[in-house]
Amino acid sequence: MCGRFTLHHSPEAILERFRVQEQLFEFPARYNIAPNQPVAVVTQNAHRDGIKALEGYRWGLVPSWAKDDSLGAKMINARSETLSEKPSFKTALQRRRCLIPADGFYEWKTEGKQKQPVHIRFKDSRIFAFAGLWDEWNGPGDAPLRTCTIITGAPNDLLSTLHHRMAVILEPQHEEIWLDPNLPMENALALLGVFSDRELEAFEVGKKVGNVVFDDPSCIAPREESEEDPSPNDGQLSLL
């Protein structure tokens, strides 16, 4: 699964990386992005003329037919193998695909009774894109709520030592194709392969990242360099 990630590059670098035409979301550097928070999302068909825009959607997909928005807490990830079958994701897969920019993410490995956070990123710390889906829910408020989910699939060799799933990282040459609203569903699914671990690295970080109140550069410092959080919270399950 993917329950935490980072995006600390400058907005200018992110806009250039994805060739965004319109920025509709202002965001600071983030080192500990958690579910139910607004995240940067790149869409192509959410606005006029198919313009590519960067927006802020709440992480945790709420289907348009949901009775209330609490369902989003269970929808932070979507399994690639069942996207075309699940009512929660099938419509979004057909016409509401998105990119979710990131420059790293976290997984927790089990060490006895403890969970040790591990930070995964490209060796050159580049920006990349998770494959995502979005939807729009019209609740009691004045404005519709737009939410998103990160697609997961089988892990590569590096991630398999940490978890049996990993977030789907799109190949850069597939990002524009993924956003194309005219792309048939079966062609979109074919883009969700296992991303090679050849250019990735993983290292242990301090357990403070398990607490959402911590969101600063120390979250991604290698374990021996980080200052441990003195609080008893040492696993991501206590935070979601």
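The values are calculated or read from the model by the stated rules, or taken from the named source; none is laboratory data. What you see is a predicted model, and the numbers here were worked out from it, not measured in a lab. Glycine gets a Cβ as well: all are built from the backbone with ideal geometry, and neighbour counts include every protein chain shown.
Quick notes
- Among the residues of region 180-210, those identified as farther than 18 Å from Phe89 by Cα, of a type in the set (Gly, Ala, Ser) and either buried (at least 18 other Cβ atoms within 10 Å of the Cβ) or in contact with a strand residue (DSSP E or B) (Cβ under 6 Å, 6 or more places away or on another chain) (or both) are Ala202, Gly206, Gly210.
- Region 70-81: number of residues that are in contact with a helix residue (DSSP H, G or I) (Cβ under 8 Å, 6 or more places away or on another chain) and either farther than 14 Å from Cys148 by Cβ or part of a loop (DSSP other than H, G, I, E, B) (or both): 2
- When residues of region 102-157 are limited to those that are within 15 Å of the chain's Cα centre (by Cα) and among the aliphatic types (A, V, I, L, M), the one nearest to Glu224 (Cα to Cα): Ile120
- Among the conditions (1) farther than 27 Å from Ile14 by Cα; (2) in contact with a Pro (Cβ under 8 Å, 6 or more places away or on another chain), Pro184 misses just one, which is (2).
- Output for region 16-30, where each listed residue is closer than 14 Å to Glu55 by Cα and either among the aromatic types (Phe, Trp, Tyr) or crowded, with 17+ Cβ neighbours inside 10 Å (or both): Phe18, Val20, Phe25, Phe27
- So Asp103, is it touching a residue at least 24 places away in the same chain (Cβ under 8 Å), acidic (Asp, Glu), surrounded by 19 or more Cβ atoms within 10 Å (Cβ to Cβ) and over 17 Å from Glu204 (Cα atoms): no
- The set of residues in region 211-240 being buried (at least 16 other Cβ atoms within 10 Å of the Cβ), part of a helix (DSSP H, G or I) and modelled with pLDDT of 95 or more consists of Ser218, Cys219, Ile220.
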